[in-house]
Amino acid sequence: MPSWPEPDWSVRAVMRYGFETLAIHAGQEPDPRTGAVVPPIYQTSTYAQEAVGAPRLGYEYSRTANPTRDALQECLAALEGGRRGLAFASGLAAEDTLLRSVCAPGDHVVIPDDAYGGTYRLFAKVSQRWGLDHTPAQVSDVDAVRAALRPGTKIIWVETPTNPLLGIADIAALAALAHEVGALLVVDNTFASPYLQRPLALGADVVVHSTTKYIGGHSDVVGGALVVADDRLGDQLAYHQNAMGAVCGPFDAWLTLRGLRTLGVRMDRHCDNAERVVEFLSSHPRVSRVLYPGLPEHPGHDVAAKQMRRFGGMVSFRAASGGLAAGGESAAVEICNRAKLFVLAESLGGVESLIEHPGRMTHASAAGSPLEVPADLVRLSVGIETVDDLLADLDNALALEGGNV
Ligand SMILES: Cc1ncc(COP(=O)(O)O)c(C=O)c1O
């Protein structure tokens, strides 16, 4: 009987397997004790040792290492084409650990002028107080990023696509710029997921994820991750993961890994449905503009087509005022309130469709800052339901009380 080959998830070996194979097998070889096909939830804080200083299989304490977390971390590293993956309690915990591992007070970071509001809050309200300065720049414009650099710049930080305006940054060009000045390029790959985009292969140094989103994929777990291509940087981050302690617990790691196994098939359906939603919104009189990198008129379309497999499941649009005295903001809020199948909720990337008003919800913390989002903006996380049902729900939500324009 043929036996399963010795697992080898080194970068070279990983190149031999396709994405879906890695998602299902990387880091997930049958449990060495029982043969369990699914990595068990090792819900333990500590591990019996053979003798003083002689832990079995290297495990001592679950903040430092846990087999369920290891399975997730190996799978994430394989899918991103990295050397080391590290899983955290949330996306923001991953970001904070990264910043405090590679930066020191007095350093400087270039951040996107369009980013997740919580990421901006981390820079503006937490890291700034600790002495880490930042400059927002339009990351879709390489010259604007260059102009924002300072002698102490340690990181160029980008999201691509951005949250919520779906701007696109050229990863390869920004990696070259960062390396020219001895900085790291960090890419928040949450919106694309490794199925659609692999920043390390384009020259990025660190990939950040809110695994809460597409990687977990079922809106039932909060988590974060870092993946790096360099062993030394990986060791430095792993040291801080343990020293700072914001780790992903075993059950959360197990749930995240269960979601991750189907990432490829889910992402293709998210993209299919998003394309139909974009088509519907593009000709709707209540919509003044659709923001989606798959549209040829999107300013980042060519770069997105070069670095992404497809364009993702996130769609934003700006609501036309529709003659309402209160304008586009009131129309946007009304649309969010009227949707039924699209659940009015923060977050994204789950199997169910969500709708939200970024200005008053996910990005409220950016109000009054250079990252403030337009008041008439609506953000959709297009799920994998039957697409005709989604279109019917949007049709109903967009038929505002004031009648058609
Ligand atoms: C692009 C992006 N990065 C990071 C985060 C933070 O992740 P978490 O909520 O898991 O801390 C979010 C959360 O919405 C996000 O959308």
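The values are calculated or read from the model by the stated rules, or taken from the named source; none is laboratory data. Remember, it's a predicted structure, so these values are computed and weren't measured experimentally. For neighbour counting, all protein chains shown are included, and Cβ atoms are generated from backbone atoms with ideal geometry for every residue, glycine included. Each accessible area value is taken on the protein alone, full model and side chains, heavy atoms only, with ligands, DNA and RNA left out. Shrake-Rupley method; radii C 1.70, N 1.55, O 1.52, S 1.80 Å.
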Estimated [θ] at 222 nm from DSSP helical runs (n ≥ 4, -39500 (n - 2.57)) normalised by residues in the chain, nearest 500: -10000 deg cm²/dmol
Accessible surface of Asp113 - all protein chains present, 1.4 Å probe, nearest 10 Å²: 60 Å²
Most fluctuating residue of Thr34, Thr362, Thr160 in a GNM of the chain with Cα springs under 10 Å: which is it? Thr34
So how much accessible area does His218 have, in Å² to the nearest 10, using a 1.4 Å probe? 80 Å²
Per residue value of the accessible surface for the chain (all protein chains in place, 1.4 Å probe), Å²: 42 Å²
For segment 116-266, calculate the relative contact order in percent as a whole number, restricting contacts to Cα pairs under 8 Å that are 6 or more residues apart. 15 percent
Contact order normalised by residue count of segment 253-337, Cα under 8 Å, 6+ apart, percent: 25 percent
Given a 10 angstrom Cα cut-off, can you work out which residue in Lys213, Lys154, Lys340 is the most mobile in a GNM of the chain? Lys340
Ranking Thr162, Leu99, Val145 by how far each Cα lies towards the positive end of the charge dipole of segment 83-183 (+1 on Lys and Arg Cβ, -1 on Asp and Glu Cβ), the top one is Leu99
If you count only protein heavy atoms and use a 1.4 Å probe, how large is the accessible surface of Glu385, to the nearest 10 Å²? 40 Å²
Reach of Lys340 by Cα under 26 Å, taken over lysines that are not fewer than 8 positions away in the same chain: Lys213
Note down the relative contact order for the chain as a percent, whole number, built from C-alpha pairs under 8 angstrom at least six residues apart. 16 percent
For the chain, percent of DSSP beta bridges that are antiparallel (nearest 5) comes out at 60 percent
Average projected area of the Cα convex hull of the chain, in nm²? 21.5 nm²
For segment 248-311 and segment 90-137, write down the distance between their C-alpha centroids in whole Å. 26 Å
Where the accessible area of the chain is counted over protein heavy atoms with a 1.4 Å probe, how much of it, in %, is carbon and sulfur? 52 percent
Looking only at Ser283, Ser321, Ser330, which one moves most when the chain is put into a Gaussian network model with springs between Cα atoms under 10 Å? Ser283
